[in-house]
Each structure stands twice: as C-alpha cells, then as structure tokens.
1. Does the range 60-67 contain any residue that is farther than 28 Å from Ile93 by Cβ, in contact (Cβ under 8 Å) with a residue 24 or more places away in the chain and surrounded by 11 or more Cβ atoms within 10 Å (Cβ to Cβ)?
2. Got a sec? Which of Gly117, Gly31, Gly52, Gly95 is surrounded by fewer than 16 Cβ atoms within 10 Å (Cβ to Cβ), out of contact with any Gly (no Cβ under 7 Å at 6 or more places or on another chain) and assigned to a helix (DSSP H, G or I)?
3. Any idea which of Arg19, Arg77 is of a type in the set (Lys, Arg), within 23 Å of Arg116 (Cα to Cα) and modelled with pLDDT of 95 or more?
4. So, in the range 73-117, how many residues would count as being of a type in the set (Gly, Ala, Ser) and within 24 Å of Asn45 (Cα to Cα)?
Amino acid sequence: MTDPFYPPQSPIATGLACRCPRCGQGRLFSGYLELVAQCDICGLNLRDSDSGDGPAVFVIFALGFIVVPIALWVEARFQPPLWLHAVLWSCVILGGALALLRPFKGVMVALQYKHRGISDGS
Ligand SMILES: [Zn+2]
C-alpha cells in the first residue's frame, strides 16, 4: 500500500490558520491550546508533538515589542493617570496574549513537523 502524497505546506500559513501541518486541512486544536490526538483528514499523529514554552516566549517578546513603545507614546502625548495606564495596558496585554498564543503554538507545532518530523504513527 502506498502512502498518499501531501504537498508541502507553509508552516506559517498552516500554523496561523491552526490547521494540520501535513495536509493543511484538518483541525490542529481540540480546545483552546489542547492539540488533537490525530488529524481528522490525514491521520497525522499529533499526540507526541510538544511546543513547550516556545509560543509563550514569542508572545511575550512580540507583545513587549508592540506595547512598550505605544505605552511610552501615550504617556508622552496624553499623560494619563497611572491607574489608567495600569488598566489599559493590562487589558491590552492580556487580550493580546490570549489572541496570539494559539496561532503561535500552531506555528511552533508546524515548524516542529517540518524540521524535526512528527511520527505519523505507522
Ligand atoms: Zn492532516
């Protein structure tokens, strides 16, 4: 029996779309950050893939790179009270982290599949 051919997928595109890194069609997550055990379309075993703390580190760097200059600009331009800074940037950072963590984890899993390979269970 021959294995089906899957054309190479962009790890960035499949990761950001939260799709399977091999076929680009199946769902990658069963929960917010919980990976599916196996792709619904191609059967890729995702049980053993582990992105560790990588996505969180990249989210911290990305948000820091974006939020700190904006916070400094807001302070220089409008000089809001400190409580407003605390409320505003806490909400922005929390919302940004929740929004970015899932696609960043998808990209890390897709990069892991591309460069290290994930066992297909066969
Ligand atoms: Zn798949």
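The values are calculated or read from the model by the stated rules, or taken from the named source; none is laboratory data. Quick caveat, the model's predicted, so the values are computed rather than measured. Virtual Cβ from ideal backbone geometry, glycine too; neighbours counted across all protein chains shown.
1. No, every residue in the range 60-67 fails to be farther than 28 Å from Ile93 by Cβ, in contact (Cβ under 8 Å) with a residue 24 or more places away in the chain and surrounded by 11 or more Cβ atoms within 10 Å (Cβ to Cβ).
2. Of Gly117, Gly31, Gly52, Gly95, the one residue that is surrounded by fewer than 16 Cβ atoms within 10 Å (Cβ to Cβ), out of contact with any Gly (no Cβ under 7 Å at 6 or more places or on another chain) and assigned to a helix (DSSP H, G or I) is Gly95.
3. Numbers: Arg77 fails: within 23 Å of Arg116 (Cα to Cα).
Only one candidate qualifies: Arg19.
4. Looking only at that region, the number is 3.
Residue by residue, here is whether (1) within 13 Å of the ligand (Cβ to nearest atom); (2) free of Cβ contacts under 8 Å to residues at least 12 places away in the same chain holds:
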{"site": "Ile12", "(1), (2)": "no, no"}
{"site": "Pro21", "(1), (2)": "yes, no"}
{"site": "Leu28", "(1), (2)": "yes, no"}
{"site": "Leu33", "(1), (2)": "no, no"}
{"site": "Ala37", "(1), (2)": "yes, yes"}
{"site": "Gly43", "(1), (2)": "yes, no"}
{"site": "Asp48", "(1), (2)": "no, no"}
{"site": "Ser51", "(1), (2)": "no, no"}
{"site": "Gly54", "(1), (2)": "no, no"}
